Amino acid sequence: MKRIGLVSILIVALMGAPVAMTQAPAGAARVVAVKAGRVLDVRTGKYAANQIIWIEGERIKEIGDAAALESRLPKDARAVDLSSSTVLPGLIDCHTHLTMSPMSIGPAGLRMSYPRQALMGARNARVTLEAGFTTVRNVGGAGYADIALRDAINAGDVRGPRMQASGPPLSITGGHGDQNFLAPQWNAMTDGVADGVAGVTAKVRENIKFGADVIKFMATGGVLSEGDNPALAQYSEEEMKAIVDAAHGLGRKVAAHAHGALGIKFAVLAGVDSIEHGSFINDEDIRLMKEHGTYLVPTLYLSDWFMENYKALGLSEGIIAKARVVMPAARENVGHAFHEGVKAAFGTDAAVYPHGLNAHEFAVMVKLGLTPLQAIQSSTVNAADLLGWSDRVGTLEAGKFADLVAVDGDPLADVSLLENVKVVIKGGEIVKQ
Ligand SMILES: [Zn+2]
């Protein structure tokens, strides 16, 4: 009986520990006063000139008119002068693979151990943060390397964005997430492979057991995988429903990789929180997504980089042929979905191209019909909503994490300015200046 009592106390203590949050420094909180030339309210698109962002510890204590706030600041406050810059909330990328890179996609990845992937992730996390992305949702990392990376960032061992991590993405046998580059005698499959209602339910529970904040699954075939078709659904409606039920029941959101229209439909009807890529999204999908409030996380810039650089990646003719069909179709169909008013959350699939170029996605979104403000909203308020983190990131408001970026000029006139952020602050700490 005593042992059971001790175990339950331990379980309660562990459950009480905050998931994926950094710890506040002990003792008196450090005060930073950021003097901003202007601050963008990402909800309204309005600028407020000459503001002070009063940061205590890792959170914003107050934000307002510089003249009114200045006299009340503590004497030992550290001043950060951004009086000639435009300040925005830290950016959020809802689709990263920090433990992967262009040199580890396709068959090349077979040579890279999970520990090596995690260490590469430490580098990619720093680069992503310095590019202005203070929060990411990492949707797919083999061997739980992404979860190890998240924990290392939270412990302060390595520098990187706040992370939600999925661990290995669920895939059918032979699907987009399986290892189809190998001959049968190697008898290997990736760690996210699961089939059938019982199989996927167990896999979701296993991913959560090992630390997943979010569940990712492959609802259709993919481009950078061998021998599968991105236009076809992978998983049945019943399996998708089982994945979503198991995940939601345990308080985790669900992201579905989906190119083909039928896979998108099955996933939306199953209740996923976001459709990733959405390359062949059609009018029925659009209608259902608006009805269910499902986010679309398009990943569009990658095709520009891929078409220029694929020759260096050693990919098969089959993969390249798929890319030539899917990538231009995605531009057209996602543009149509934007026009029809589907909710968009910003995502890049960085890893298919070098990490740190994430902000190149903004200009493509604008080219396909979003206003610069809508594109910025997709990476701030909308992304925070998709992550379930609206209480901590996505806007600059008292009580939220002091995550911000500064650019020179007006990003509402030229959204590509976000490709060159001058200053990045995460949790009140300057990570780039
Ligand atoms: Zn991806």
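The values are calculated or read from the model by the stated rules, or taken from the named source; none is laboratory data. Source: prediction; values computed, not measured. Positions of Cβ are generated from backbone atoms using ideal geometry, with glycine treated the same way; all protein chains shown enter the neighbour counts. Calculation scope for accessible area: heavy atoms of the full protein, side chains included, ligands and nucleic acids excluded. Shrake-Rupley method; radii C 1.70, N 1.55, O 1.52, S 1.80 Å.
Here is how the numbers come out for the structure above:
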read-out	value
Scaled radius of gyration (Cα, divided by 2.2 N^0.38 Å) that segment 78-220 gives	1.18
Length released on extending from N187 to R205, taking residue separation times 0.36 nm less the Cα-Cα span	4.0 nm
Calculated log₁₀ intensity ratio I(q)/I(0) where the Debye formula runs over C-alpha points of segment 96-174, q = 0.13, 0.25 Å⁻¹	-0.35, -1.19
For the chain, built as a Gaussian network whose Cα springs stay under 10 Å, the top-fluctuating residue of A77, A183, A233	A183
Nitroxide proxy distance, nm - points 7 Å out along Cα→Cβ at A329 and D81	5.6 nm
Extended-chain gain in nm, criterion 0.36 nm per residue less alpha-carbon gap, R159 and A413	88.3 nm
Fluctuation leader among S279, S316, S379 - the chain, Gaussian network, Cα springs under 10 angstrom	S316
Listed residues M218, M327, M307, most fluctuating in the chain (Gaussian network, C-alpha, under 10 Å)	M307
Segment 287-433: relative contact order in percent, alpha carbon pairs under 8 Å with at least 6 residues between	20 percent
Derived scalar couplings ³J(HN,Hα) [segment 361-371; Karplus, 6.51 cos²θ - 1.76 cosθ + 1.60; whole Hz; x for Gly, Pro]	4, 4, 5, 5, 4, 5, 4, 8, x, 6, 6
Chymotrypsin sites (Phe, Trp or Tyr not before Pro) within segment 149-232: DSSP coil, no more than 16 neighbouring Cβ in 10 Å	F181, F210
Counting DSSP beta bridges with both ends in the chain, the antiparallel % (nearest 5)	45 percent
Fraction in percent of alpha-carbon pairs per bin - 10 Å, segment 91-387	7, 31, 40, 20, 2, 0
Cβ-placed point charges (K, R +1; D, E -1), dipole of the chain about Cα centre in debye, nearest 20	1140 debye
Heavy-atom accessible area per residue - the chain, 1.4 Å, Å²	41 Å²
In segment 361-433, GluC sites (Glu not before Pro) in a DSSP loop with at most 15 other beta-carbon atoms within 10 Å	E397
Length gained when the stretch Q433-E317 is fully extended (0.36 nm per residue, less Cα-Cα span)	37.4 nm
Simple label model, 7 Å out from Cα along Cβ direction - E291 to L250, nm	3.0 nm
Segment 269-350 - percent of accessible surface contributed by carbon and sulfur, probe 1.4 Å	50 percent
Taking the chain and dividing mean pair separation by its residue count, relative contact order in percent (alpha carbons under 8 Å, at least six apart)	18 percent
Charge-dipole axis of segment 91-387 as Lys and Arg at +1 and Asp and Glu at -1 on Cβ define it, positive-most pick from V334, P107, T220	P107
